[in-house]
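Readers should treat all values here as calculations from the given coordinates under stated rules, not as data from a laboratory. Because the structure is a prediction, the values reported are computed rather than measured. Don't worry about glycine lacking a Cβ; one is built from the backbone with ideal geometry, like all the others, and counts go over all protein chains shown.
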Amino acid sequence: MTELTSTKPYMVRALHEWCVDNALTPHLVVAVDGQTRVPMAYVKDGEIVLNLSYSATKGLHIENDAITFSARFGGVSQNLYVPMSAVRGIFARENGQGMFFEIEPVQSESVSEESGVGDGDDNEPPKPRKPFLKVIK
């Protein structure tokens with residue numbers, strides 16, 4: 001039997017639609033890693049919470065593999081890329097209702113090296129890494 005697709009992107013789309021239909025503000029909790037493209041200045045403890053309302057985003061696409069959109073941070077427009085594996089949850093800001101997901105393991109060795117996951121002993125926490133900016137044209 002072929003491998004089934006994950007239910008996560010379907011649940012994210014459904015909860016986003018539910019929030020919008022009920023005039024609530026959908027927020028996305030993201031675990032930032034080497035594949036995630038978000039403004040690093042707003043990342044706290046390896047996570048960022050993003051407003052996914054249509055008024056806060058431009059060109060929002062919730063696909064099976066990633067969420068992409070543009071948003072303004074400090075008045076500067078930025079293109080964001082959130083792999084579905086980095087999504088930790090989606091909830092309504094006004095009442096906290098939503099869904100949170102299990103943490104998915106890192107899929108490739110190159111990602112774990114880039115994100116600092118798996119560095120050093122199993123008993124030691126990963127070394128903190130400096131924020132970086134990658135220009136994508």
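Figures for the structure shown
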quantity: Pairs of alpha carbons in the stretch 8-115 whose separation is greater than 20 Å (percent); calculated: 36
quantity: Spin-label model distance (nm) - residue 6 vs residue 23, 7 Å beyond Cα toward Cβ; calculated: 3.4
quantity: Isotropic mean projected area of the C-alpha convex hull, the stretch 20-82 (nm²); calculated: 4.6
quantity: Euclidean distance between Cα centres, the stretch 7-28 to the stretch 46-66, Å; calculated: 10
quantity: Estimated FRET transfer efficiency when R0 is 41 angstrom, pair residue 76-residue 100 (beta carbons, to 0.05); calculated: 0.85
quantity: For residue 88, residues with placed amide H under 5 Å, excluding near neighbours; calculated: 29, 30, 31
